[in-house]
Amino acid sequence: MSAPSSASSIPQPLILIVDDEPQIQRFLGHALSAAGYECCLAATGAEALHLAEARRPDLMILDLGLPDMNGKAVIERLRLTSALPVIVLSAQDQEMEKIMALDLGADDFVAKPFAIGELLARLRVCLRPRRANPPSDIIRAGSLLIDRSAHEVTRAGLPIRLTPKEFELLIALAQNPGRVMTHRQLLLQVWGPAHVDDVPYLRVFIGQLRQKLENGATGPAEIQTEPGVGYRWMGARNE
Amino acid sequence: MKHADPPMDEPQLRTASLGWMTAPRAGGLLSAALWLALAAGAAILTHHTLSETARLMLFLLAVLVSAVRYGFWVGVISAAASVLLFNFIFVEPHFSFDIARPESLVTLLVFMLVAGLIGLLAGRLRGQRDDAEERATLLATISEVSRDIASAPTPEAVLNAALTHMTSLTRSPGMVLKDDGHGAQLLLSRPEDRVPGADDLQAAQQALRRGGVEFATAPGWDGSRFTFFPIRAEGAGNYVIGHERIGAPQMDLDYREQAITVIVRQSELALQRLAFAASANDERRKAETESLKATLLSSLSHDLRTPLATILGSVTTLRELGPSLPAPARSDLLMAIEEEAQRLNRYVANLLHMTRLQSGLGAQMSWLDAGDVARAAMLRATRAFPQARIQGDLPEMPMIRGEAALLEQALFNLMENAAKYAPGPITLSGRREGGELVFAVSDTGPGLPENVRMWLNSDRLAAGPELSGLGLPICKGIVRALGGRLSAQTQQPHGAQIALHLPVPSDAMPRG
């Protein structure tokens with residue numbers, strides 16, 4: 001797919017679309033071109049891995065139901081050599097596979113069928129360089145202010161008292177604005193490898209955190225639940 | 001002795017053999033007497049020519065013959081009689097039972113001992129031979145019964161075989177009754193016009209209730225003339241099999257009773273086996289339905305997902321990015337939406353048919369012109385797949401019984417399948433072959449994978465994981481509902497042919 005000529009002077013991010021359904025490729029091609037991305041297409045996992053190597057795309061959109069190999073296998077193979085951001089497209093009956101794909105290093109997911117706006121939003125988040133700026137000590141999310149070095153959280157200037165674990169959990173989420181964090185990733189990061197399966201534990205802490213951060217009736221909650229998958233920090237929306 | 005003496009009012013058990021000590025019969029005794037008379041006659045005739053010892057041998061011979069032919073008791077009685085006779089005729093004083101000389105006493109005692117021993121041994125041998133014969137007959141009968149009953153395909157056949165063998169054993173009328181929950185109902189009888197009386201029904205019910213043998217009453221007493229044995233097969237219902245009192249000539253045949261016990265046991269086992277087989281069959285059918293559902297569900301989610309994703313994605317793209325889309329892209333997206341909406345419509349039609357068939361409503365059969373239906377299906381396929389080259393070879397065809405919408409869907413699904421996999425021309429042909437109307441969809445594509453071909457030719461409704469998509473499973477379900485079948489073959493040099501066979505009613509007239 002060629003990019004619109006008006007934008008050809010600026011280098012456009014190259015998106016690799018991996019899906020075996022020609023109809024999906026068809027509308028994604030039009031949509032991404034119109035949104036200002038360049039696209040290349042692959043219908044199989046092998047082709048996807050080859051193009052990821054050859055064309056060096058900026059992001060991969062990967063359907064989990066490929067004819068030749070499992071989507072998880074594609075991610076596993078890809079992650080051996082590359083940190084290429086990956087958004088997986090999953091169907092309702094691929095819940096488990098989706099979670100495994102995320103745990104294996106996929107960056108985010110979009111469930112089929114989806115509105116194009118949702119995919120484009122995820123795309124923008126994933127294309128934002130993860131470690132472009134050294135992690136700053138101050139994280140802002142609307143009226144919420146997190147000071148990492150001082151271990152202080154304030155909402156509109158009023159201090160919020162958090163336990164050390166709650167604070168770590170908040171940091172783990174707020175550091176990845178817009179991205180889904182799986183249960184496993186959060187548990188691993190905050191509680192360590194011995195607790196990666198203690199999802200009920202995590203739920204309790206998220207509940208406490210939400211209560212303490214409560215934004216009154218003024219704005220949307222910062223922590224969004226992805227049912228069965230994990231949580232997403234939505235504080236960045238107000239930036 | 002094999003078992004204790006039975007009570008007098010249970011005449012069947014009186015057939016019990018006493019082993020080798022079978023009670024003497026009048027005929028046997030008479031013959032023995034004749035033999036003895038013969039020996040006595042010969043001894044008298046040879047009074048002057050033969051010595052006393054030799055004449056004694058003649059009596060021993062008579063005892064031996066009687067014992068061998070008529071058993072132990074006859075032998076012993078005949079031995080005693082010959083001693084008396086010999087004493088009476090040949091021992092001094094003649095024609096008296098007195099004994100004058102001491103030698104004669106010794107001779108008589110030895111004779112008595114020898115005759116008794118001969119009677120005992122010969123009778124015992126005879127008894128053993130009889131036992132062996134009985135056992136052989138019993139074994140032969142049992143093996144025949146086992147074979148017949150075990151190979152019976154239905155409960156009725158089991159009971160029929162059991163009754164046949166029992167009546168041939170007892171040589172008397174027999175019947176089988178079924179416990180229908182309220183009481184015993186006649187199921188089979190030999191001879192066939194034999195109907196149980198009130199006494200018989202009561203006895204049969206008694207046997208069912210008590211779960212034990214209900215013996216016939218003795219001759220001359222009130223009550224059932226039948227002996228009833230309960231047949232209790234778990235899961236297959238309760239039955240009772242009975243035979244009329246065995247006639248007097250067979251009273252000594254012990255093996256009958258054993259064989260009847262075996263027949264009853266074998267019938268119970270066979271009925272249980274059939275019940276298990278039936279329930280296993282039910283389970284298998286249930287599992288097949290379940291696996292069909294699972295197959296359809298997974299095909300469904302696969303088939304519905306893509307059109308929905310395309311439509312939603314395209315519509316939101318048009319809405320959100322419309323202004324920045326070039327005109328050809330916009331129209332391409334609109335076309336994609338239309339195509340996918342039509343695809344969804346086809347799936348929904350398929351689904352509706354499938355739901356109807358699955359809910360067990362079946363097809364609504366009416367007379368229809370199969371040629372018209374085939375042409376309609378072809379038209380629909382040509383519209384749905386404009387790139388496919390579909391040709392028809394549809395001469396005049398007989399009217400059949402079926403449902404037009406279902407038949408059209410089945411034919412459409414076959415053409416859709418061909419259009420999906422084969423780029424070349426697709427032919428829909430129809431012809432009559434004997435009592436069948438055969439529609440065949442042929443293509444020149446890569447042919448069918450072997451497992452798909454085998455599935456199409458099989459009875460199985462549920463396809464394996466090798467088949468994605470709803471088209472062929474639904475086609476198969478429809479054809480089955482219409483009373484037909486599918487067949488598939490690979491064509492030379494390449495291509496696939498899937499044929500749909502439908503029965504032509506015998507009174508169908510070619511339309512003209």
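The values are calculated or read from the model by the stated rules, or taken from the named source; none is laboratory data. A quick note: this is a predicted structure, and the numbers were derived from the prediction, not measured. A quick note on method: Cβ atoms are made from the backbone with ideal geometry, for glycine too, and the neighbour counts reach across all protein chains shown. Side chains are part of the model used for accessible areas, which takes the heavy atoms of the whole protein and leaves out ligands, DNA and RNA. Shrake-Rupley method; radii C 1.70, N 1.55, O 1.52, S 1.80 Å.
Tabulated data
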{"read-out": "Selected residue [more than 8 Å from chain A (Cβ to nearest Cβ) and at pLDDT 85 or above] from B:318, B:292", "value": "B:318"}
{"read-out": "Residues of the stretch B:136-187 classified as open to solvent by 50 Å² or more (accessible area, probe 1.4 Å) and among the polar types (S, T, N, Q), total", "value": "8"}
{"read-out": "Test for residue B:446: is it open to solvent by less than 30 Å² (accessible area, probe 1.4 Å) and either small (Gly, Ala, Ser) or modelled with pLDDT under 85 (or both)", "value": "no"}
{"read-out": "Condition met for residue A:68 (more than 10 Å from every other protein chain (Cβ to nearest Cβ), under 28 Å from residue B:339 (Cβ atoms) and part of a loop (DSSP other than H, G, I, E, B))", "value": "yes"}
{"read-out": "Matching residues, the stretch B:185-222, being farther than 17 Å from residue B:268 by Cβ and touching a strand residue (DSSP E or B) at 6+ places or on another chain (Cβ under 6 Å)", "value": "B:185, B:186, B:189, B:190, B:196, B:200, B:201, B:203, B:205, B:206, B:215, B:216"}
{"read-out": "Options A:51, A:89: the member that is closer than 21 Å to residue A:124 by Cα and either out of contact with any Cys (no Cβ under 9 Å at 6 or more places or on another chain) or open to solvent by 10 Å² or more (accessible area, probe 1.4 Å) (or both)", "value": "A:89"}
{"read-out": "Complete set of residues in the stretch A:96-118 that are at the interface with another protein chain (Cβ under 8 Å from one of its Cβ atoms) and either within 18 Å of residue A:231 (Cα to Cα) or of a type outside the set (Phe, Trp, Tyr) (or both)", "value": "A:112, A:113, A:115, A:116, A:117"}
{"read-out": "Residue tally, condition within 27 Å of residue B:341 (Cβ to Cβ) and away from chain B (no Cβ under 11 Å), over the stretch A:43-63", "value": "3"}
{"read-out": "Residue check, residue B:183 touching a helix residue (DSSP H, G or I) at 6+ places or on another chain (Cβ under 8 Å) and over 23 Å from residue B:157 (Cβ atoms)", "value": "yes"}
{"read-out": "Of the criteria (1) modelled with pLDDT under 70; (2) touching a strand residue (DSSP E or B) at 6+ places or on another chain (Cβ under 9 Å), which one residue B:263 fails", "value": "(1)"}
{"read-out": "Check on residue A:29, within 25 Å of residue A:176 (Cβ to Cβ) and open to solvent by less than 30 Å² (accessible area, probe 1.4 Å)", "value": "no"}
{"read-out": "Qualifying residue in the stretch B:89-102 (condition: in a helix (DSSP H, G or I), under 24 Å from residue B:32 (Cβ atoms) and open to solvent by 40 Å² or more (accessible area, probe 1.4 Å))", "value": "no"}
{"read-out": "From the options B:452, B:441, residue that is open to solvent by less than 40 Å² (accessible area, probe 1.4 Å), in a helix (DSSP H, G or I) and either over 17 Å from residue B:353 (Cα atoms) or at pLDDT below 85 (or both)", "value": "B:452"}
{"read-out": "Number of positions in the stretch B:479-498 that are open to solvent by less than 70 Å² (accessible area, probe 1.4 Å), under 16 Å from residue B:423 (Cβ atoms) and out of contact with any strand residue (DSSP E or B) (no Cβ under 7 Å at 6 or more places or on another chain)", "value": "0"}
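The rows are residues; the columns are (1) more than 17 Å from residue A:118 (Cα to Cα); (2) within 14 Å of chain B (Cβ to nearest Cβ); (3) modelled with pLDDT under 85.
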residue	(1), (2), (3)
A:16	yes, no, no
A:22	yes, yes, yes
A:28	no, yes, no
A:31	no, yes, no
A:74	yes, no, no
A:94	yes, yes, yes
